[in-house]
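A.B. asks: This is the structure, below, for whatever I ask next.
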There are 4 protein chains.
Amino acid sequence: MDLCPKRWSRRKEARPHEILEAALELFAEKGYAATRIDEIAARAGVTRGTPYLYFAGKEEIFKALIQELLLPALDEAEAMLDGFEGSAAERLRRIVHVWWQSMGETRLSALPKLMVAEAGNFPEVAKLYNDLFIVRGEAIFRQVIEAGVASGEFRTVDVEYALHVLCAPVVMAMLTRYMPYGHAALDPLRYLDCLLDLMLHGLQQCPQSAESKEKPDA
Amino acid sequence: MDLCPKRWSRRKEARPHEILEAALELFAEKGYAATRIDEIAARAGVTRGTPYLYFAGKEEIFKALIQELLLPALDEAEAMLDGFEGSAAERLRRIVHVWWQSMGETRLSALPKLMVAEAGNFPEVAKLYNDLFIVRGEAIFRQVIEAGVASGEFRTVDVEYALHVLCAPVVMAMLTRYMPYGHAALDPLRYLDCLLDLMLHGLQQCPQSAESKEKPDA
Amino acid sequence: MDLCPKRWSRRKEARPHEILEAALELFAEKGYAATRIDEIAARAGVTRGTPYLYFAGKEEIFKALIQELLLPALDEAEAMLDGFEGSAAERLRRIVHVWWQSMGETRLSALPKLMVAEAGNFPEVAKLYNDLFIVRGEAIFRQVIEAGVASGEFRTVDVEYALHVLCAPVVMAMLTRYMPYGHAALDPLRYLDCLLDLMLHGLQQCPQSAESKEKPDA
Amino acid sequence: MDLCPKRWSRRKEARPHEILEAALELFAEKGYAATRIDEIAARAGVTRGTPYLYFAGKEEIFKALIQELLLPALDEAEAMLDGFEGSAAERLRRIVHVWWQSMGETRLSALPKLMVAEAGNFPEVAKLYNDLFIVRGEAIFRQVIEAGVASGEFRTVDVEYALHVLCAPVVMAMLTRYMPYGHAALDPLRYLDCLLDLMLHGLQQCPQSAESKEKPDA
DNA sequence: CATGAATGAGGATTCATTCAT
DNA sequence: AATGAATGAATCCTCATTCAT
């Protein structure tokens, strides 16, 4: 596999991925426009011309990010959720935590920020992001909420909107990783726990709600 | 003699504000770097050179946005909340709706998007945004949650985190106004109602409560 | 003459001259291109538009400098030399000192600097400067040298070149007034005295000296 | 296959020097401000962007001129003077001629013009020019005059000022190469000879002045 | 396959000039 | 006669992209 041990053929296969990783980091740090190809190349350990051997241009690098980096993570996340058994509440907890582990706390948290910033300039990429990530992610949340409502574990709520209410703090936790002030200091896990606490109280039927974690009195 | 009614309208007073409005719109649409000064000028109804009569450069325009546009809105919002009486739940509803009216559905919803995108490139502006907007906004939410907990109307929750959970969907609703897909189609008011429904259920004490939202008297 | 005592009619007559004075100072300090019309206006105590009431544009201001400021000084200098009696040596001393007083140590010393810097960009002005100033000045020096040679007071020298050798240090003394380093610290009068000392020794017949190169006859 | 022999010649080493040469010529012709980067690039045979590969900007090009172009010439001139034996008069003649050959009649004669024009705008460069060129040049002249006075070959003169008197015509000869009128027509060598004739007569002891070099006949 | 010198279109900024007031 | 807001051509500089090596 490495018949030709020449310096530059060493990692022929790995190059495109390395370039995308470098690009993602930089796009997230500085934005698409403010990131120079030279910087991407430098961070990927190559020189100015090399990215053009693998991508048609800066915009193509941007477009490739979603396909190449997001999809595998989504597949992984879905695999982790697959076949999980338990109450709706338990499944919701698990979803939120898996989501955070496989995306929120990885370099992929950069993508929502990038999309907020650049969706308007790259509708095509935004469509891809929407179709692959948002729709797919929402489906997972929708499923568990609907199941909870159907089984009577959850109150009857406006499912389509409730799922966005539920996702919003998770996404915000990803976005704020890139803000130099404010939210930045929050502990993500405690943030997610608080979210789940509020949401499950908000969703669950009250009467038999012995769920109350903080004060299980009564 | 006056075929061309007014080649320029000599409005020294109004110009800076017009330029900032134009800049805010464009920065939100396309991002800071992708917005050309010419475009800002054109949208403000002036030509290339005019913005430089009032601002030292593009960056100064950016910096001025927060001070000039955000502060008045915040003052207005706080005035609308001032002296409002009612239960914690009622106050929370009102805060969320006032917030949305005075910022979410105005052109100011552009600022959170801008900040997500550019905070890293303009830490100085991010600090201003944080100090003037985030800190001040959070204080309002913190106050009402704390009051609710103190009066026994709300459960004991992790206030500092709960307020972020509460804010997140409101901010997300602002951000998604600029996304071409997905969330964009949601009805903001229904979204906020759903948020309040979930949050109030999540916050309120739930004795034998048959869900009575506003005033579970009796 | 001042029937209309309105604020701005006060010095109608003086304006153009004030503007030229301001322009000369600034052109000498910073060069033609680096001097903004605003600066000229400000130093003349008027605003941006006013210079255009008196001059067609920046270049016309430049052109006017020579005519308006240099000629009077030259006339004055020639008047001071007129009818002066004495040996060639005495006349040379007087010329150099008058020259220095009426031009070297006044703001007119700016003109040689300006001409060195801008002659190439304004050949028309350079021609004017040459015809009015250089030619006229050289004529004065030529005259006294020729008279000295004719009377036998001076050696026979290459008059046409000697006059330039004689002028050069005077001009350099004017130029170096604008250099921040080096020559700047020299005392002009001592410099001129040294020049005259050397030149007169260089020009005068050496009593018993059989040195006479060109025309060893007599 | 090679219809267009070489679109660019890939001469990393030579470029900076070529650009500086082009810049020096143009700065001397038109002045710093009036010279466009495009012109410098064009004269150097490259395009707009290339100068920026080697210099941070226009000002850096200006600053580099002194260091890169002047120093080698000065070293060369000093080498040519090194170890020269002869009377003070002979040494003075030689200095003036070497000076003229290695600087006056080369493209370096542009530097004094540039400095007269721009010293005020670039004090930092002026300092460099002063320290490297003026101080060093003056030292050479000072040395020979002092030696002449010490040996009795020259009269006792105001050395510090005499050297400036001596330098001034040499510098003026450099400056006037760029004036479209007047001095321009003079023959530099005849000018220098006249200078030396006058100066040596002016410096030398008169009585026993059997100095007559050119025509020691009698 | 990789490099990096060179390109040149694009965009920020300046400032001489105009003209309604 | 004077002002100064507005203009827009001119110019510096950046950086995505190309291509000879």
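A.B. asks: Per residue of D:157-170, what is the mean number of Cβ atoms on other protein chains within 10 angstrom of that residue's Cβ?
C.D. replies: On the way: counts 4, 6, 1, 4, 11, 5, 1, 10, 13, 4, 4, 13, 9, 2.
Shielding by partners across D:157-170 averages 6.
A.B. asks: How long are the three semi-axes of the equivalent ellipsoid of the range B:25-127, in whole Å, if each is the root of 5 times an eigenvalue of the C-alpha gyration tensor, listed from largest down?
C.D. replies: Details: eigenvalues 207, 39, 29 Å².
With the √(5λ) rule applied to the range B:25-127, the semi-axes are 32, 14, 12 Å.
A.B. asks: Rank-order D:75-82, C:59-66 by packing density, defined as the average count of other C-beta atoms within 10 Å over each peptide's residues, highest first.
C.D. replies: Numbers: D:75-82: 14.1, C:59-66: 19.2.
Ranked by mean Cβ neighbours within 10 Å, highest first: C:59-66, D:75-82.
A.B. asks: Give the residue from B:THR50, A:LEU192, A:LEU92 lying farthest towards the positive end of the charge dipole for the protein assembly as shown; charges sit on Cβ (+1 for Lys and Arg, -1 for Asp and Glu) and the dipole is referred to the Cα centre.
C.D. replies: B:THR50
A.B. asks: Running Debye on the range C:8-205 with equal point scatterers at the Cα sites and no solvent, what base-10 log of I(q)/I(0) appears at q = 0.09, 0.15 Å⁻¹?
C.D. replies: Calculated log10 I(q)/I(0) at the listed q: -0.39, -0.94.
A.B. asks: Could you list the square roots of 5 times each eigenvalue of the Cα gyration tensor of the protein assembly as shown, that is, the equivalent ellipsoid semi-axes, sorted largest first and rounded to whole Å? Can you show the working numbers first?
C.D. replies: Details: eigenvalues 1404, 225, 91 Å².
Calculated on Cα positions only, the semi-axes equal 84, 34, 21 Å.
A.B. asks: Given +1 on the Cβ of Lys and Arg, -1 on the Cβ of Asp and Glu, and no further charges, what dipole in debye does the range B:21-75 carry about its Cα centre, rounded to the nearest 20?
C.D. replies: On the way: 6 positive and 9 negative charges, 45 e Å.
That gives the range B:21-75 a dipole magnitude of about 220 debye.
A.B. asks: Now a separate question. So which of B:LYS58/C:LYS113; D:LYS30/D:LYS127; B:LYS63/D:LYS58; B:LYS113/D:LYS58; B:LYS63/D:LYS113; C:LYS58/D:LYS58 end up more than 32 Å apart by C-alpha? Intermediate values should be presented prior to the final figure.
C.D. replies: On the way: B:LYS58/C:LYS113 38 Å; D:LYS30/D:LYS127 22 Å; B:LYS63/D:LYS58 29 Å; B:LYS113/D:LYS58 38 Å; B:LYS63/D:LYS113 44 Å; C:LYS58/D:LYS58 24 Å.
Table pairs above 32 Å Cα-Cα are B:LYS58/C:LYS113; B:LYS113/D:LYS58; B:LYS63/D:LYS113.
A.B. asks: Restricting to DSSP H runs of at least four residues, report the calculated mean residue ellipticity at 222 nm for the protein assembly as shown, -39500 (n - 2.57) per run over all residues, nearest 500 deg cm²/dmol.
C.D. replies: On the way: 44 runs with 496 residues, N = 872.
Dividing the helical sum by the residues of the protein assembly as shown leaves -17500 deg cm²/dmol.
A.B. asks: Now a separate question. Shape of the range C:8-72 from its Cα gyration tensor (a ≥ b ≥ c, root eigenvalues): rounded if a/c is under 1.5, otherwise prolate when a/b > b/c, or oblate?
C.D. replies: On the way: a/c = 1.65, a/b = 1.18, b/c = 1.40.
Judged from the Cα gyration tensor, the range C:8-72 comes out oblate (a/c at least 1.5, b/c at or above a/b).
A.B. asks: Something else: Over 15 Å apart: what share of the alpha carbon pairs of the range C:85-165 falls there, rounded to a whole percent?
C.D. replies: Details: 2060 of 3240 pairs.
Considering the range C:85-165, 64 percent of its Cα-Cα pairs are separated by more than 15 Å.
A.B. asks: Could you work out which residue, out of A:PRO123, A:PRO16, A:PRO188, moves most in a Gaussian network model of chain A, that is, has the largest mean-square fluctuation with Cα springs under 10 Å?
C.D. replies: Result for chain A, Cα springs under 10 Å: A:PRO123 fluctuates most.
A.B. asks: Within 10 Å of each Cβ of D:118-125, how many other protein chain Cβ atoms are there on average?
C.D. replies: Values: counts 4, 9, 9, 5, 1, 3, 1, 0.
Whole-number average of other-chain Cβ neighbours for D:118-125 is 4.
A.B. asks: Can you give the angle from 0 to 90° between the axis of helix D:188-203 and the longest principal axis of chain D, with both taken from C-alpha atoms, to the nearest 10?
C.D. replies: It is inclined by approximately 40 degrees.
A.B. asks: I'd like the distance separating the alpha-carbon centroids of the range C:11-35 and the range A:49-81, in whole Å.
C.D. replies: So the two Cα centres are separated by 63 Å.
Only the coordinates and a few stated rules stand behind these numbers; no lab work does. Please read these numbers as outputs of a predicted model, since none were measured by experiment. For neighbour counting, all protein chains shown are included, and Cβ atoms are generated from backbone atoms with ideal geometry for every residue, glycine included.
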